[in-house]
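Trainee: Before anything else, here's the structure in question.
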Amino acid sequence: MAKRISIQSLVLIILCMCVNGVKAETTLVSYNFDADVLESGPDTYQIFRHKNSKAEISESYARTGYASAHLLDEPNDHDFVEFQGYFAEQKSGFINCHFSFLITNTNTIFHMALVGKDRYALSPLGLNFWLTYDNGWLKHKSDGIPKKIFQPSTYVWYTVDATLDLSKGLYNLRITDESGRVQTQLENQLFASGISASYSLQEFSFVGDLKDLASTDVYLDDFKISSSHTFLQTQLKAPGRKKYFVEMWDDYHKQLVGRLKCIAVKNIEDFGIYNDEYGRLVKNNKLDVLMKLAQLQDGIGNGIAIPDDPDLIAVTFWANACHALNEKDFSKAMAYINKAIAAKPNAYMYQLTELLIDSANDVDFYDLSARLDVLSHEKDDMRNQIAMAMMAFHAKKYSAADLAVGTTAFEDMDKFRKMPLVDLRQLLNTHSKWGAVEQYYFAALWQQSYAQAYTVAEDMLTIFKKANIASYVWLERRGDAAFFEGDYRNALAAYDEVIKANQNSDGVLLKTADIYHIQGDAIKERVIREKIYRNFSRR
Amino acid sequence: MLRNFFLLSVFLAFSNLTHAVNQADIDKLVSAANIDLAAIKSQGPSVLPVLSKLYSSANDPLKRANIAWVFYGLGWISEDAKKALLQDINTTNEQLRLQVQWALGRVSNDDAIVNILLDKMRNDTNPLFRDKAACALASDQIHLTDAQHYKLVEGLVNSLNDPKLQVRDIATKALQIQTGQTKGFNPNGSLEERTEKIAEWKKWLKEYQSSL
C-alpha cells in the first residue's frame, strides 16, 4: 500500500524548496517519449490520425534520451494528425510549457496550442496560447494577430519555453536552439485573443494542417507543462483515466437525470383559467395563441416577446421562465416566474414551476418538499410526483427520488406485463412511457442498492423480450448494476452482448476495458482502450 | 505466362491512369434525400469538376443548393466550383443564396470573394443575406493566407462605421469570431464612442499589418 504524504510533510517539503531557491510547482503533463509504455485515455492524451498519417515513437531523432514523438501527415488525405492531451483545469497562477521540436523540411505545417474549457474558440476560456510553423516561419498568435518569430532550420532541435500568467493574460516566450543560442525572447505578450478576462487552461494540442493542404512532419521531445501552484493531483485509477469509464458514464447520467425542466401542461386550468375567462378567450379568438404558448414547456427555441394583451401576459412569462430554465439562467427564470405568479397567484402550473426553479437555485430540498406537499393537497396530480422526483435527483436525495417514482415504476411494469403485445410494442418504442422505471433504476443505483437496480433492469429486459424488441439500453444497465455490485463476470457478459449486436457501442466497449483492468489483464485492457483513444505506434 | 503477366500489368496501370469519377453516380449521390458526404469525399478532389458541371447544368435551385452544401462540406479549393457558385451570388432564392455565400470561402482563397461578401454584408437589400454574409466572413474563409486574412479583418473594421446599425452589429460579431475581441465597440453607441473605438481598431490593424 502506498504511503500517504501528510499535510505537515508536504508543507515541510515546500518550505525546504523555497529556502533552497527551488520553485515549488506541480507537474501537470510530462512526456519524454523514452518510456516503454505510454497510456492514452480521457485524462492523459488521445491520438487522432487517418490511415495515411502517423503518430509514432521514433528513435531517428531525440533531443534527450533516445526517442521522440513523430507526427507525419500528407495533404489531401481528408484528415490531419493530432496529439491532444488533458490536465486539471488551471485558472490562476503561472503555467510553464516546455517542449522541443525538429522539422525535416520547410514545407510542413504544425500547430501547438494550450486551450481552456471552451477549447478551440479564440476567447479567454478557449485558445490562449497558439504557436504555428507555416511556410518556413514560426509564428505565435497574440492579441488576435499572427506574428512571425523566426525561421527555424531543418534538422535542428529548438526548445520552446513559455510562461503564461493566468492572472494577467500575458506570456513570456523564449526559444533556444540545440546549442543554447537564444532565437527569440519575448516578454509580456498578450494571450491569443488579447482580451482581459478570466482565463482557463486544461488541454494541449500538437496538430498538423487543419486545412489538409500541406504535409506535416515534426518531431517532438521533452514535453512538460507545470503549474506554479502546489497541489495534490488526483491519481489515475486505471491507465489513462482518473475514474472508470463505467463511473464516467454514470456521472453523465446523473447530470442528465438531475436536469430540471418545466412539466407538460394538461389543460388550460393549469394556468388558473376557468369558465368565464375561458369563454372570453374563445370569444376573442385568443385560445389558440394561448395553447401554442402552453406547448413551450420544453423551453427550446428563443424567448418570446411579452405581449401587451393581459390575457396572454402571464403565460408568456411562464414560457420565458421555461426557456431560461432550459438555458440554465436560473435567476432570469426566477424573475419571469415571479411575474407570472404576480399576474395569476393561484395558477397550479406557475406554482409548480416556481418550485422547480427554486430547486435549480439550490433552495433546501426539504423546504421544497414541504411546499410541494401543500400544493399536492390543493391539487392531487401525478405531476407533483414527477416534480418531486426531478427535485430529488437534482438535490441528490436518491431515497426521496425512489419514493417519488417507485410506485409509478412498479405500476408501469405491471401494466407492461399484462398489456397485449401490439400495444406493448408501440408503448416500449416511446422512451417517455417507461421513464418512471428508468428513474427508479437510477434512484436504486445511486443509493447503492445494486441488487435492486439489477432486478429492475432484468425485469425490463424480460418485458422487452416478450415484445420481441431488443433493448441494448437495459442490457447495458444490467451490466452497470452488476459492475457496481462487483459481479464482473456478469457485467462483462452483458456488455459483450451489447457490443456483439450493436455497432454504435464505443461507450460499452470502454466499460469492458475497466473490467479487464480490474481482472489484471493489462494487454486486453490496452487493446480495447486504444481502439478509441489510439496511441503512438513504435518504429 | 510472362506475356500474360505483362499484359495484365499494362491493363492495371492503364486502369489506374484512366480511373474517372462517374458523373451518373455523383448525380445520384447529390440527388438523394440524405446526401452521403463521406461517399462523395472518398472520390477525392477529382470529384470537384464533376460537381461543378452538375451544378451548372441543374435548373432546380434546390439541387444547386444541395451541391453548394456538398462543396461546403468538402472544403477543397476549386476554381470550377468557385465559378459555378458565383453564377448565383445574386439569386433571390433564399436557400440557394445562403448555401452559395457559405460555400464560396470554402472552395477558394480569393481576395475577390472576400470583397464580394463584404459588399453583400454592407449593401445587400435583404437583411438576412447581409447577416449570413457576415457569418460566412466570420467562419468560412478557411483557405486565406495571413495577408488575405488581414484584408478580411480590415474590411470588417471599415464596416464598423456603416450607417446601418445591423451592419455595425454583424461586423462586430464577425470581428469577435475572427480575432477574439470587440475592443468594447458598441454598435448602438454614440458617434463619438464609436469613433473612439474604431480608432483603437485601426491602431490594432496597423500592428497587424506590421507583423505581415
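Trainee: When you check A:Phe330 against the structure, is it among the hydrophobic types (A, V, I, L, M, F, W, C) and more than 26 Å from A:Leu403 (Cβ to Cβ), yes or no?
Mentor: no
Trainee: From (1) open to solvent by 20 Å² or more (accessible area, probe 1.4 Å); (2) in contact with a Phe, Trp or Tyr (Cβ under 6 Å, 6 or more places away or on another chain), pick out the condition that doesn't hold for A:Tyr133.
Mentor: Answer for A:Tyr133: the failing condition is (1).
Trainee: Among the residues of the stretch A:144-203, which ones are away from chain B (no Cβ under 14 Å), in contact (Cβ under 8 Å) with a residue 60 or more places away in the chain and hydrophobic (A, V, I, L, M, F, W, C)?
Mentor: Of everything in the stretch A:144-203, those that are away from chain B (no Cβ under 14 Å), in contact (Cβ under 8 Å) with a residue 60 or more places away in the chain and hydrophobic (A, V, I, L, M, F, W, C) turn out to be A:Trp157, A:Val160, A:Ala162, A:Leu164, A:Leu166, A:Leu201.
Trainee: Taking the stretch A:122-138 as the region of interest, how many residues are at the interface with chain B (Cβ under 8 Å from one of its Cβ atoms) and free of Cβ contacts under 8 Å to residues at least 24 places away in the same chain?
Mentor: 0
Trainee: When the stretch B:174-184 is examined, which residues are found to be among the β-branched types (Val, Ile, Thr) and either more than 9 Å from chain A (Cβ to nearest Cβ) or not in a helix (DSSP H, G or I) (or both)?
Mentor: Across the stretch B:174-184, the qualifying residue is only B:Thr182.
Trainee: Kindly check whether there is at least one residue in the stretch B:185-194 that is within 14 Å of another protein chain (Cβ to nearest Cβ) and crowded, with 19+ Cβ neighbours inside 10 Å.
Mentor: yes
Trainee: Of all residues in the stretch A:484-512 being open to solvent by 40 Å² or more (accessible area, probe 1.4 Å) and aliphatic (A, V, I, L, M), which is modelled with the lowest pLDDT?
Mentor: It comes out as A:Ala501.
Trainee: All but one of (1) loosely packed, with under 14 Cβ neighbours inside 10 Å; (2) at pLDDT 95 or above; (3) touching a helix residue (DSSP H, G or I) at 6+ places or on another chain (Cβ under 9 Å) hold for A:Ile47, so report the exception by its number.
Mentor: (1)
Trainee: Now for a separate question. Condition first: within 14 Å of chain B (Cβ to nearest Cβ), acidic (Asp, Glu) and either touching a Leu at 6+ places or on another chain (Cβ under 9 Å) or not in a loop (DSSP other than H, G, I, E, B) (or both). Can you find one or more residues in the stretch A:113-120 that meet it?
Mentor: yes
Trainee: So is A:Asp217 within 14 Å of another protein chain (Cβ to nearest Cβ), within 30 Å of A:Gly41 (Cβ to Cβ), touching a His at 6+ places or on another chain (Cβ under 9 Å) and open to solvent by 10 Å² or more (accessible area, probe 1.4 Å) or not?
Mentor: So A:Asp217 does not fit the description; no.
Trainee: Follow-up question, since we're still on this one. Restricting attention to the stretch B:27-49, which residues are touching a residue at least 24 places away in the same chain (Cβ under 8 Å) and either surrounded by 13 or more Cβ atoms within 10 Å (Cβ to Cβ) or in a helix (DSSP H, G or I) (or both)?
Mentor: Hits for the stretch B:27-49 are B:Asp27, B:Val30, B:Ser31, B:Ile35, B:Leu37, B:Ile40, B:Lys41, B:Pro45, B:Val47, B:Leu48, B:Pro49.
Trainee: To continue, here is another question. Can you tell me which residue within the stretch B:195-212, out of those that are among the hydroxyl-bearing types (Ser, Thr, Tyr) and farther than 17 Å from A:Ser193 by Cβ, is farthest from the other protein chains (Cβ to nearest Cβ)?
Mentor: Taking the candidates together, the pick is B:Thr195.
Trainee: Would you confirm whether or not the stretch A:195-202 contains a residue that is open to solvent by less than 60 Å² (accessible area, probe 1.4 Å), among the hydroxyl-bearing types (Ser, Thr, Tyr) and not in a loop (DSSP other than H, G, I, E, B)?
Mentor: no
Trainee: Additional query: Scan the stretch B:33-57 for residues that are farther than 21 Å from B:Val100 by Cβ and touching a helix residue (DSSP H, G or I) at 6+ places or on another chain (Cβ under 9 Å) and report the count.
Mentor: Summing the residues that are farther than 21 Å from B:Val100 by Cβ and touching a helix residue (DSSP H, G or I) at 6+ places or on another chain (Cβ under 9 Å) in the stretch B:33-57 gives 3.
Trainee: Restricting the search to the stretch A:230-252, which residues are in contact with a helix residue (DSSP H, G or I) (Cβ under 9 Å, 6 or more places away or on another chain), open to solvent by less than 90 Å² (accessible area, probe 1.4 Å) and among the aliphatic types (A, V, I, L, M)?
Mentor: A:Ala238, A:Val246, A:Met248
Trainee: Just name the residue that is nearest to A:Gly41 (Cα to Cα) out of those in the stretch A:87-112 that are small (Gly, Ala, Ser) and open to solvent by 10 Å² or more (accessible area, probe 1.4 Å).
Mentor: A:Ala88
Trainee: Moving on to the next point. Sort through A:Tyr336, A:Tyr366 and tell me the only one that's surrounded by fewer than 16 Cβ atoms within 10 Å (Cβ to Cβ) and assigned to a helix (DSSP H, G or I).
Mentor: Of the residues listed, the single one that is surrounded by fewer than 16 Cβ atoms within 10 Å (Cβ to Cβ) and assigned to a helix (DSSP H, G or I) is A:Tyr366.
Trainee: If A:Asp358 passes every condition in (1) touching a residue at least 60 places away in the same chain (Cβ under 8 Å); (2) open to solvent by 10 Å² or more (accessible area, probe 1.4 Å); (3) assigned to a helix (DSSP H, G or I) but one, which one does it miss?
Mentor: Here A:Asp358 meets the rest and fails (1).
Residues checked against (1) free of Cβ contacts under 8 Å to residues at least 60 places away in the same chain; (2) within 14 Å of chain B (Cβ to nearest Cβ); (3) under 17 Å from A:Phe129 (Cβ atoms); (4) touching a His at 6+ places or on another chain (Cβ under 7 Å):
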{"residue": "A:Glu59", "(1), (2), (3), (4)": "no, no, no, no"}
{"residue": "A:Ala62", "(1), (2), (3), (4)": "no, no, no, no"}
{"residue": "A:Ser68", "(1), (2), (3), (4)": "no, no, no, no"}
{"residue": "A:Pro75", "(1), (2), (3), (4)": "no, yes, no, no"}
{"residue": "A:Glu89", "(1), (2), (3), (4)": "no, no, yes, no"}
{"residue": "A:Gly93", "(1), (2), (3), (4)": "no, no, yes, yes"}
{"residue": "A:His98", "(1), (2), (3), (4)": "no, no, yes, no"}
{"residue": "A:Thr104", "(1), (2), (3), (4)": "no, no, no, no"}
{"residue": "A:Asn107", "(1), (2), (3), (4)": "no, no, no, no"}
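Trainee: Quick check on this structure: which one of A:Gly208, A:Gly240, A:Gly272 is small (Gly, Ala, Ser) and in contact with a strand residue (DSSP E or B) (Cβ under 6 Å, 6 or more places away or on another chain)?
Mentor: Among A:Gly208, A:Gly240, A:Gly272, only A:Gly208 is small (Gly, Ala, Ser) and in contact with a strand residue (DSSP E or B) (Cβ under 6 Å, 6 or more places away or on another chain).
Trainee: Which of the residues that make up the stretch A:55-71 are open to solvent by 40 Å² or more (accessible area, probe 1.4 Å) and under 31 Å from the mean Cα position of the chain (by Cα)?
Mentor: none
Trainee: Here are some conditions: (1) over 30 Å from A:Phe129 (Cα atoms); (2) acidic (Asp, Glu); (3) surrounded by fewer than 16 Cβ atoms within 10 Å (Cβ to Cβ). A:Glu178 meets all but one. Which one does it not meet?
Mentor: (1)
Conditions (1) farther than 29 Å from A:Ala264 by Cβ; (2) modelled with pLDDT of 90 or more; (3) open to solvent by 30 Å² or more (accessible area, probe 1.4 Å), marked per residue:
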{"residue": "A:Met419", "(1), (2), (3)": "no, yes, yes"}
{"residue": "A:Thr430", "(1), (2), (3)": "no, no, yes"}
{"residue": "A:Trp434", "(1), (2), (3)": "no, no, no"}
{"residue": "A:Tyr441", "(1), (2), (3)": "no, yes, no"}
{"residue": "A:Ala457", "(1), (2), (3)": "no, yes, no"}
{"residue": "A:Phe464", "(1), (2), (3)": "no, yes, no"}
{"residue": "A:Tyr472", "(1), (2), (3)": "no, yes, yes"}
{"residue": "A:Ala482", "(1), (2), (3)": "yes, yes, no"}
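The values are calculated or read from the model by the stated rules, or taken from the named source; none is laboratory data. Fair warning: this is a prediction, and the values are worked out from it, not measured in the lab. Quick reminder, even Gly has a Cβ in these numbers, built from the backbone with ideal geometry, and neighbours come from all protein chains shown. These accessible areas exclude ligands, DNA and RNA; they are computed on the full protein's heavy atoms, side chains included. Shrake-Rupley method; radii C 1.70, N 1.55, O 1.52, S 1.80 Å.
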